[in-house]
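Each remark here refers to the structure printed beneath this line.
The values are calculated or read from the model by the stated rules, or taken from the named source; none is laboratory data. Model, not experiment: these values are computed from the prediction. With ideal geometry, Cβ positions are generated from the backbone for all residues, glycine too; neighbour counts draw on all protein chains shown. The accessibility values were calculated without ligands, DNA or RNA, using every heavy atom of the protein model including side chains. Shrake-Rupley method; radii C 1.70, N 1.55, O 1.52, S 1.80 Å.
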Amino acid sequence: AQLRYSVPEDREPGSSVGDLAKDLGVEVQSLATRNLRLVSEGGQRHFQVDLAAGVLLLDSRLDREALCGQSPTCSLHLQLVMENPLQLHRVEVDVLDVNDNAPQFPKPEVVLEITEVANPGTRLPLEVAEDPDMGSNSISTYELSPSEHFALSINVRGDGVKMPEIVLEKALDREKVAVHHLTLTALDGGNPVKSGTAKVTIHVLDANDNPPVCDPPVSKVYMEENVPVGTLVTKLNVTDLDEGPNGDVEYSFKISNNAPAKFTKLFSLDPRTGEIRTKGPLDYEESSAYEIAVRARDKGSPAMEGHCHLRVELIDINDNSPEIVLTSLSSPVQEDATPGTVIALIGVKDSDSGDNGQVRLQIAKELPFKLVSSFKEHFSLVTSAPLDREKDSGYNITVRAVDSGSPQRATQKTFYLRIADVNDNAPNFSSPLDTAHVQENSLPGTSVFSVSASDPDEGSNAKLSYSILHNGMQDVPISTYFRIDQDNGTIYTVRALDYEQDKVFQVPVEVKDAGSPALSSTAVVHVFVLDENDNAPTIVYPSVPKGSAFHQTIPALAEPGYLVTKIVAVDADSGHNAWLSYQLQETTEALPFQVERRSGEIRIAQALRESEDPHRLVVEVRDNGTPSLSASVVIVISPEENSMQDFAKSLDLPKSSPKDTNLTLYLIISLVSISLVSCVMFAVVAARCL
């Protein structure tokens, strides 16, 4: 017999397919004894027999699409074998389709192309979706996502397959929308409905209908000067709504015949990327801005072009140091110049701009000068304090110029200003009071002393000349005694000097410079005449004519020690030269008399003999000079019997006569003179020491 069952493909394993015992008309208990077994004709085991229940069970899940593909019917054939007696039964199981498969497109994404100038109504075929299910569970219809430009059209082929197509309903503009993204959905007829989708990408092919456009058409770029070569200035933002060669833009400089193309030496343009870079140093001081015109041209046919205008404005940096220009310099300047006297005119310039070009000048504060701004970038250097050439004969003036940039740049210029001398200083002696000594009887022209003076001025203002002034202290002009070398200040004697006549001279010396007006000063030189032994002693008592003798009588009985007489002598010299000594000239016979060496007293040395003859004595007076000078007197002493004399005469001098009184006066005057000269000398020495 042949049994026929049907089972949906989505049944779970173990599900009952049919009641074999009932359909075969046998007892359930006999199935086991008759050894019922199932044999599959296809070699695959999809079913099993439950001998206890006598039913056919599903052994594994069935997949109709896998078992039968697109066949309209799907049946599995089985054989049942029973023994005792041997029987063969055929079982046919129809696998019923269920909607277990969704429609599926061959490709999940479909890419289509259409030119932007295509006319409405243009159709774009699409691939058909597939659904393994059959019948009503297969593809039922298609749907397209909403679109302004496209719609869906479904055509049915002769075999009943539905063919979807996309139809252009509205003109395209690739520059507005270059790519359209749609979704195509395939729906089956099952319950519930299953669907599959595919993405449809429609590329609008370009036509060269748009020129390159620069955004913005006019732009401005700021950049610092002196940037390194190769620095990016800007990248042009040029858009061409076309694509491909139609949107491929090439760049080039647009050079006008009327305008110089200097910027082409300083800037480079990449023809592909539109990058503008520096290719030379940019100097703000040479040009603060550059106008650059660029042509953007596509590769379409025919080619279309656009234009970009770029203004590059340079930002000044402080790359230039100030420059100092010494316009004029008044050198030398008189030291008596009044404060405010203009010394120099100074100009300054800085090629930078703004604060970088604002320059201020400075000089050292300790200098007696200051800077006064005359007008923009011009200054006057004027004196701010009195000048003194004797302190500073010149100045190294350093003018420093500093700009206001950041960082600051500075430069300096040094020039020498010489101070010219004016005769504002009188000559000065090294000492206003000097002392000199000169030997008397020196030859005329003997150098006495050299005065020295100095003048801090220079040139003719410091050229000195010396002269001797007449002070009126001497009876005759001082110039008759001394002269002075006007160039070196050496004082010479004019004639021989006599100590006994003039012991000291006051020589006023004047020194005068050669300035205009001339300035002068004076000094006094005390010239002390040194004594020379040029005067022989003079015997003032006894006073006898030359060649005569002085006669002196004494008592015949005069005893030893009796004062016979006293020799009085003076010497016009002074000091050692005036120290006198007395002595008797040696004779062949011994004389009974002696003379005191210092006092000049002549006394009896031994007793006289009776009726002795007169004695002739030669008394010599000698000074202490070198060489020693002397004078002598001849005294004849006669003893007399009747000569009477007071005993006191043996001890005292004879009574003074008028001549003796004059001699004493002379001695007093000499002592006083010597004392005065000594006091003057001490006073001069003390003054010099102070």
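Mind telling me which of the residues LEU124, LEU31, LEU88 ends up being in contact with a strand residue (DSSP E or B) (Cβ under 8 Å, 6 or more places away or on another chain), open to solvent by less than 30 Å² (accessible area, probe 1.4 Å) and farther than 20 Å from ILE139 by Cβ? Give the derivation first.
On the way: LEU124 fails: farther than 20 Å from ILE139 by Cβ; LEU88 fails: open to solvent by less than 30 Å² (accessible area, probe 1.4 Å).
After applying the criteria, what remains is LEU31.
I need the full set of residues from region 173-182 which are open to solvent by less than 20 Å² (accessible area, probe 1.4 Å) and either of a type in the set (D, E, K, R) or free of Cβ contacts under 8 Å to residues at least 12 places away in the same chain (or both), in order please.
Selection gives ARG174 alone.
Considering only region 289-311, I want to know if a residue exists there that is under 34 Å from the mean Cα position of the chain (by Cα) and either open to solvent by 60 Å² or more (accessible area, probe 1.4 Å) or not assigned by the TED database to the domain that holds SER219 (or both).
Scanning region 289-311 turns up no residue that is under 34 Å from the mean Cα position of the chain (by Cα) and either open to solvent by 60 Å² or more (accessible area, probe 1.4 Å) or not assigned by the TED database to the domain that holds SER219 (or both).
Given (1) open to solvent by 50 Å² or more (accessible area, probe 1.4 Å); (2) closer than 17 Å to GLU165 by Cα; (3) small (Gly, Ala, Ser), identify the lone condition not met by ALA129.
Going through (1) open to solvent by 50 Å² or more (accessible area, probe 1.4 Å); (2) closer than 17 Å to GLU165 by Cα; (3) small (Gly, Ala, Ser) one by one, ALA129 breaks only (1).
Could you tell me which residue of region 412-439 is most open to solvent (accessible area, probe 1.4 Å), considering only residues that are of a type in the set (D, E, K, R) and either modelled with pLDDT of 90 or more or under 40 Å from the mean Cα position of the chain (by Cα) (or both)?
ARG418
Do you know which residues across region 314-330 are open to solvent by 40 Å² or more (accessible area, probe 1.4 Å) and touching a Phe, Trp or Tyr at 6+ places or on another chain (Cβ under 7 Å)?
The answer is ILE315, LEU326, LEU329.
Going through THR197, THR185 one at a time, which residue ends up being among the hydroxyl-bearing types (Ser, Thr, Tyr) and open to solvent by 40 Å² or more (accessible area, probe 1.4 Å)? Can you show your working first?
Details: THR185 fails: open to solvent by 40 Å² or more (accessible area, probe 1.4 Å).
None of the other options fit; the residue is THR197.
Among the residues in region 639-648, are any modelled with pLDDT of 75 or more, open to solvent by less than 100 Å² (accessible area, probe 1.4 Å) and closer than 25 Å to ARG616 by Cα?
yes
To keep it simple, each residue is scored yes or no on (1) over 30 Å from VAL117 (Cα atoms); (2) among the aromatic types (Phe, Trp, Tyr).
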| residue | (1), (2) |
| --- | --- |
| PRO211 | no, no |
| TYR222 | yes, yes |
| LEU241 | no, no |
| GLY247 | no, no |
| GLU250 | no, no |
| PHE253 | yes, yes |
| PHE263 | yes, yes |
| LEU269 | yes, no |
| ARG272 | no, no |
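Based on what the data block shows, is LYS170 under 30 Å from LEU236 (Cβ atoms) and either touching a residue at least 40 places away in the same chain (Cβ under 8 Å) or assigned to a loop (DSSP other than H, G, I, E, B) (or both)?
On the way: under 30 Å from LEU236 (Cβ atoms): no; either touching a residue at least 40 places away in the same chain (Cβ under 8 Å) or assigned to a loop (DSSP other than H, G, I, E, B) (or both): yes.
Judged against the criteria, LYS170 is not a match.
Test each condition in (1) assigned to a loop (DSSP other than H, G, I, E, B); (2) open to solvent by 70 Å² or more (accessible area, probe 1.4 Å) for GLU143 and report the one that comes out false.
(1)
As an exercise: evaluate ARG360 against (1) within 30 Å of PHE263 (Cβ to Cβ); (2) among the charged types (D, E, K, R); (3) not assigned by the TED database to the domain that holds ASN246; (4) not in a loop (DSSP other than H, G, I, E, B) and give the number of the one condition it does not meet.
Result: ARG360 fails condition (1) only.
Can you confirm whether THR278 is farther than 30 Å from TYR395 by Cβ, surrounded by 13 or more Cβ atoms within 10 Å (Cβ to Cβ), polar (S, T, N, Q) and not assigned by the TED database to the domain that holds ALA344?
When the stated conditions are applied, THR278 passes them.
Looking at region 205-227, is at least one residue touching a Pro at 6+ places or on another chain (Cβ under 8 Å), within 26 Å of GLU109 (Cβ to Cβ) and open to solvent by less than 60 Å² (accessible area, probe 1.4 Å)?
Looking for residues that are touching a Pro at 6+ places or on another chain (Cβ under 8 Å), within 26 Å of GLU109 (Cβ to Cβ) and open to solvent by less than 60 Å² (accessible area, probe 1.4 Å), one finds none in region 205-227, hence no.
When region 594-636 is examined, which residues are found to be β-branched (Val, Ile, Thr) and either open to solvent by 80 Å² or more (accessible area, probe 1.4 Å) or not assigned by the TED database to the domain that holds PHE550 (or both)? Can you show your working first?
First, the residues of region 594-636 that are β-branched (Val, Ile, Thr): 595, 602, 604, 618-619, 621, 626, 633-636.
Across region 594-636, the qualifying residue is only THR626.
Applying the selection to region 470-491, what residues are open to solvent by 50 Å² or more (accessible area, probe 1.4 Å) and under 14 Å from VAL448 (Cβ atoms)?
Answer for region 470-491, where residues must be open to solvent by 50 Å² or more (accessible area, probe 1.4 Å) and under 14 Å from VAL448 (Cβ atoms): SER479, ARG483, ASN488.
Quick check on GLY135: is it closer than 21 Å to LEU205 by Cα and open to solvent by 40 Å² or more (accessible area, probe 1.4 Å)? Before the answer, list the steps.
On the way: closer than 21 Å to LEU205 by Cα: no; open to solvent by 40 Å² or more (accessible area, probe 1.4 Å): yes.
The answer is no for GLY135.
Of the residues ARG90, ARG11, ARG61, only one is of a type in the set (D, E, K, R) and part of a strand (DSSP E or B); which?
Every option except ARG90 fails the conditions.
How many residues, within region 514-530, are out of contact with any strand residue (DSSP E or B) (no Cβ under 7 Å at 6 or more places or on another chain) and crowded, with 17+ Cβ neighbours inside 10 Å?
Adding up the residues that qualify gives 1.
Quick one: which strands (runs of 3 or more DSSP E) sit completely within region 180-248 and have at least 3 residues that are within 30 Å of LEU144 (Cα to Cα)?
Strands (runs of 3 or more DSSP E) meeting the threshold: 195-205.
With the requirement that a residue be open to solvent by 30 Å² or more (accessible area, probe 1.4 Å), assigned to a loop (DSSP other than H, G, I, E, B) and farther than 30 Å from GLU285 by Cα, what does region 337-357 give you?
Answer for region 337-357, where residues must be open to solvent by 30 Å² or more (accessible area, probe 1.4 Å), assigned to a loop (DSSP other than H, G, I, E, B) and farther than 30 Å from GLU285 by Cα: THR338, PRO339, GLY340, THR341.
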